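Here, each number is a calculation from the coordinates, and none is a lab measurement. Since this is a predicted model, take the numbers as computed values, not measurements. Positions of Cβ are backbone-derived with ideal geometry, glycine not excepted, and every protein chain shown enters the neighbour counts.
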Amino acid sequence: MDFPLPLSKGPWLAGFAVFFLLGLALFGRDPSPNPSSQPIRYNHAVHIASGMTCTDCHSGARDAVRATLPGLDTCLMCHQEPVTESAEEEKIRAFAAAGEEIPWHQVTHVPRHVYFSHRRHVALGGLECAECHGPMETRTEPPRRPFRTLDMDACLNCHEQRKVDNDCNRCHR
């Protein structure tokens, strides 16, 4: 019985390297949008310094299940007319002229199988926005990734620190 000759290591190594690099290129990237991928380079620090609060733009953050990303109408309440000479501010009016909503990229995500209520955590639990979202009042550009990974360990640790029930059914529905 004849057996085929073993293949040399060269082609196998080259093939492995190609597939490894291809996998790294496809799956090894940071999936979070970077600041340039947000449609407007929003400066939280300037807006907070002017007296605004998180809920001025993110409605629902205190009293609803979900906080929202600001819609065009929210931005136009202050920026219908130029406030500064910022090119970023001008983008707001360009979206309005085109009749388009601002296509913000959501950065912070909660897994689909988890029920999370901003109202329960902020209004009832007394958490400040910064506890999960970080010091946004100092940010001069949109964040690249979430301040805190919202996974089960983070949630359980927070609940334990605050002596909150960790019953599975409170979050997993």
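Along each principal axis of its Cα atoms, how long is the range 36-85 end to end? Whole angstroms, biggest number first, please.
36, 27, 20
In nm, give the distance between the simple-model label positions of Ala87 and Ala123, each being 7 Å from the Cα along the Cα-to-Cβ direction.
Each label point is offset 7 Å from its Cα along the Cβ direction, giving 4.2 nm.
So if R0 is 41 Å, what FRET efficiency would Glu100 and Asp63 give, r being the distance between their Cβ atoms, rounded to the nearest 0.05? Walk me through the numbers before you get to the answer.
Values: r = 28 Å, r/R0 = 0.69.
Computed FRET efficiency for Glu100 and Asp63 comes out at 0.90.
From the phi of every residue in the range 162-170, what ³J(HN,Hα) in whole Hz does the Karplus formula 6.51 cos²θ - 1.76 cosθ + 1.60 yield, where θ is phi - 60° and glycine or proline is x?
Taking θ as phi minus 60°, the curve returns 9, 6, 9, 4, 9, 4, 3, 6, 5 Hz for the range 162-170.
Hey, what do the phi angles of the range 127-135 turn into as Karplus ³J(HN,Hα) couplings, whole Hz, using 6.51/-1.76/1.60 and θ = phi - 60°, x for Gly and Pro?
Couplings: 6, 8, 3, 4, 5, 9, 9, x, x Hz.
List, in order, the whole-Hz ³J(HN,Hα) value for each residue of the range 100-108 obtained from phi through the Karplus relation with A = 6.51, B = -1.76, C = 1.60 and θ = phi - 60°; use x for Gly and Pro.
Taking θ as phi minus 60°, the curve returns 10, 6, 6, x, 4, 9, 5, 9, 8 Hz for the range 100-108.
Give me Leu156, Leu124, Leu150 ranked fewest to most by other Cβ atoms within 10 Å of their Cβ, as a rough exposure proxy.
Numbers: Leu156 13, Leu124 10, Leu150 17.
By the 10 Å Cβ count, ascending: Leu124, Leu156, Leu150.
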